[in-house]
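The values are calculated or read from the model by the stated rules, or taken from the named source; none is laboratory data. Just so it is clear, the model here is predicted, and its values are computed rather than measured. Here the Cβ positions follow ideal geometry from the backbone for every residue, glycine too, while neighbour counts run over all protein chains shown. These accessible areas exclude ligands, DNA and RNA; they are computed on the full protein's heavy atoms, side chains included. Shrake-Rupley method; radii C 1.70, N 1.55, O 1.52, S 1.80 Å.
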Amino acid sequence: MKYAHIIGWGRYVPNRVMTNDQMAELVDTTDEWIFTRTGIRQRHIAGEQDTTATLAFEAAARALAVANVSPSQVDLIIVATSTAEYAFPSTATQVQSYLGASNAAAFDLSAACTGFVYAVNMAWQAIATGSVKNVVVIGAEMMSRVMDWEDRQTCILFGDGAGAVVMQGSSVPGGVIASALHADGSGGNVLSLPNVYKNHAAIMSPTYELNGADKNVVGMHGRQVFRFATSVVPDSIREVVAKANLTVKDVDLVIPHQANSRILESAAKKLGIPEEKFYSNVHRVGNTSAASIPIALCEAIDEGRIKPNDKVIFIGFGGGLTWGSTLVRWGSKAPDELKLLEREWKRTRYVMARGRAKLRQWGRQLSAYFTPSPNPDARLKDAEKDKDKKKGVD
Ligand code: UT7
């Protein structure tokens, strides 16, 4: 049996900050309304040059530095995202190229705000079977690109960013201990982001009147999502704790999806544990969907909230509807050691990786140019000759 330990972590949020007051210049809202209803004070908004893949790359490169794992040692990259720039190539393959992780397989995973929890589970399973050793799991989102900036119910909630962890197989007990994933597609209409068949999907959806049929933007029934979240968060935590043969009191820290501080208050009350056990950074970054848990995890580590051997729960919930929890027994890494490794983060390695990717692109172009595909006329003539030969034999 292989255990899956989290040995590296990194986050990246764009520099540009948008405060609630700035939001109030766009839509009819106030800082007070947003803060009292959600706990959000500001969010980060990506620049024009950013893509989901560039945010994901920045977080992954930092996580690899902390893990002291080189890109060539990575076997698998999973990017949880709902805002992939392309259906294909996947964000994960773009990140694979930026990192120069030439031995890694790569794919995107779609489970909305629960995506990171799903992806950690998939990485855990792959490591446990022994098929891979080092996996980079990333949550990355560019929510600002899929917002209806006239819908004050949704655009105030979301922000951009990315977070990543490096998971490694080991025979030392610990790491991921238990996980529980769920989905209920009957609730697909309460939180949606139309994709390829955008008009069709939007017309089918009761959110049609909310977000309009012509736009690929997030549509949401806020109250329904709120009620769903306040019910599944405590249930899911109880479930994963029971799977690990522990009690809720044994949990040292919960890193929840950062959607709304009122959801976390309600969950803490239902579980009978202090609210401080729920880490929250929603006031700084807003809801970054699949990126929210790994970003919060990194901040919690920076603040010294996680110690070796702590039992930490990741709990996600969101579109699909999807929800799930993962319980991790934290490993040990001294903070001093971490700072040293972060300094070792070598930018030049990634500049060279991009150079190599460009060379391979040119190589493919040249090889296609000098190797024309077989002439179809010649193939037809060959086929006729074969027929004649056959007739002769008959
Ligand atoms: O990752 C999961 C993503 N989604 C979520 O987590 C969303 C979960 N839901 C929520 O967080 C809350 O439902 C919201 C924050 C979206 C809304 O809070 P609420 O307490 O459920 O408000 P509401 O929708 O019941 O609206 C109350 C009032 C309405 O006005 P009237 O009809 O009472 O006059 C809204 O029009 O607040 C109004 N309102 C706003 N007012 C100022 C809605 N959005 C805003 C706004 N600023 N941004």
Q. Would you call L64 touching a Leu at 6+ places or on another chain (Cβ under 8 Å) and closer than 19 Å to A164 by Cα?
A. yes
Q) If you scan segment 252-270, which residues turn out to be outside any helix (DSSP H, G or I) and over 23 Å from G115 (Cβ atoms)? A) D252
Q: State the number of residues belonging to segment 293-334 that are more than 16 Å from the ligand (Cβ to nearest atom) and open to solvent by less than 10 Å² (accessible area, probe 1.4 Å).
A: 8
Q. Consider G115 against the criteria (1) assigned to a helix (DSSP H, G or I); (2) over 20 Å from the mean Cα position of the chain (by Cα); (3) modelled with pLDDT of 95 or more: it satisfies all of them except one. Which criterion is unmet?
A. (2)
Q: Check off (1) in a loop (DSSP other than H, G, I, E, B); (2) within 14 Å of the ligand (Cβ to nearest atom); (3) free of Cβ contacts under 8 Å to residues at least 12 places away in the same chain for S231 and give me the number that stays unchecked.
A: (1)
**Q.** Neighbours by Cβ (under 7 Å, 6+ apart or cross-chain): first from segment 380-391, in a helix (DSSP H, G or I); second of a type in the set (A, V, I, L, M)
**A.** none
Q. In segment 242-251, what count of residues is obtained for those that are open to solvent by less than 60 Å² (accessible area, probe 1.4 Å) and assigned to a loop (DSSP other than H, G, I, E, B)?
A. 3
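A quick yes/no check of all residues on (1) assigned by TED's automatic domain parsing to the domain that holds A123; (2) closer than 28 Å to A56 by Cα; (3) within 11 Å of the ligand (Cβ to nearest atom); (4) at pLDDT below 90:
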residue	(1), (2), (3), (4)
C155	yes, yes, yes, no
A164	yes, yes, no, no
G175	yes, yes, no, no
N199	yes, no, no, yes
Y208	yes, no, no, yes
R223	yes, no, yes, no
R227	yes, no, yes, no
N245	yes, no, no, no
Q.
Looking only at segment 64-118, filter to residues that are within 16 Å of the ligand (Cβ to nearest atom) and of a type in the set (S, T, N, Q); which one of those is most open to solvent (accessible area, probe 1.4 Å)?
A. S110
Q: Can you give me the number of residues within segment 257-286 that are within 20 Å of the chain's Cα centre (by Cα), within 13 Å of the ligand (Cβ to nearest atom) and open to solvent by 10 Å² or more (accessible area, probe 1.4 Å)?
A: 2
Q: Could you tell me which of the residues R37, R43, R11 is open to solvent by less than 20 Å² (accessible area, probe 1.4 Å), assigned by TED's automatic domain parsing to the domain that holds A259 and charged (D, E, K, R)?
A: R43
(Q) Just to be sure I understand, how many residues within segment 152-173 are touching a strand residue (DSSP E or B) at 6+ places or on another chain (Cβ under 8 Å), open to solvent by 10 Å² or more (accessible area, probe 1.4 Å) and under 24 Å from M23 (Cα atoms)? (A) 3
(Q) Take the residues in segment 129-144 that are open to solvent by less than 30 Å² (accessible area, probe 1.4 Å) and not β-branched (V, I, T); name whichever of them is farthest from H257 (Cα to Cα). (A) N134
Q) Looking only at residues in segment 4-25 that are of a type in the set (A, V, I, L, M) and under 18 Å from the mean Cα position of the chain (by Cα), which one is nearest to the ligand (Cβ to nearest atom)? A) V13
(Q) L366 - would you say it is aliphatic (A, V, I, L, M), under 30 Å from G100 (Cβ atoms) and at pLDDT below 75? (A) no
(Q) Among the listed residues A60, A65, identify the single one that is touching an Asp or Glu at 6+ places or on another chain (Cβ under 8 Å) and not in a loop (DSSP other than H, G, I, E, B). (A) A65
